[in-house]
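> The structure's right below; bear with me while I get my questions together.
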Amino acid sequence: QVQVVESGGGLVQPGGSLRLSCAASGSIFRFNTMGWYRQAPGKQRELVASITYSGSREYADAVKGRFTIFRDNAKNTVYLRMNGLKPEDMTIYYCNTVPAVATYWGRGTQVTVSS
């Protein structure tokens, strides 16, 4: 069964840190570029970070220097380390392949940034 499960979200103060995790079925994860996406209310879902199977990374300008994506191919898991969180980072975060496949979307994990 194709499955993606995100976790690690929560409430953090501005400037704080979180680490998100995404466990994916091997059929999704293996050899694919994986990405973290987010969707703020009223906006389109955007790709914030991606990582190829070999470890090459790309980031959206809004998160560059603050977020780090990494993956553990043995565990079929991709992570997003988020430092220096800002109120504008507050939303639901999802992982998927890059490009995204509609049937792979999970429930996401909520990140709340508030003092």
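> Determine one quarter of the surface area of the Cα convex hull of region 1-101, which equals its mean projected area, and express it in nm² to one decimal.
Values: hull surface 25.1 nm².
It is 6.3 nm².
> Taking 0.36 nm per intervening residue step and subtracting the Cα-Cα distance, what contour gain separates Ser114 from Thr68 on full extension?
Numbers: separation 46, 0.36 × 46 = 16.56 nm, distance 2.12 nm.
Full extension of this stretch gives 14.4 nm more.
> Given contacts defined as C-alpha pairs under 8 Å and at least six residues apart, what's the relative contact order of the chain, whole-number percent? Walk me through the intermediate numbers first.
Values: 277 pairs, mean separation 42.8, N = 115.
Across the chain, relative contact order equals 37 percent.
> Then there's this: Could you run the Karplus curve 6.51 cos²θ - 1.76 cosθ + 1.60 with θ = phi - 60° over region 60-75 and give me ³J(HN,Hα) per residue in whole Hz, x for Gly and Pro?
The phi angles translate into 5, 4, 5, 10, 4, x, 10, 9, 10, 9, 8, 9, 10, 5, 5, 9 Hz.
> Please list 3J(HN,Hα) in residue order for region 108-115, calculated via the Karplus relation 6.51 cos²θ - 1.76 cosθ + 1.60 where θ = phi - 60°; whole Hz, with x for glycine and proline.
Per-residue couplings from phi come out as x, 9, 7, 10, 10, 10, 7, 8 Hz.
> Hey, got a sec? Which trypsin sites (Lys or Arg not before Pro) in region 1-69 land in a DSSP loop and have at most 11 other Cβ atoms within 10 Å?
Numbers: sites: Arg19, Arg30, Arg38, Lys43, Arg45, Arg57, Lys64, Arg66; in loops: Arg30, Lys43, Arg45, Lys64, Arg66.
Qualifying residues, ordered by number: Arg30, Lys43, Lys64.
> Of Leu47, Gly10, Phe70, which is farthest towards the positive pole of the chain's charge dipole, taken about the Cα centre with +1 and -1 on the beta-carbons of Lys, Arg and Asp, Glu respectively?
After comparing all options, I get Phe70.
Every number here is computed from the coordinates shown, using simple stated rules; none is lab data. These numbers come from a predicted model, not from an experiment. For neighbour counting, all protein chains shown are included, and Cβ atoms are generated from backbone atoms with ideal geometry for every residue, glycine included.
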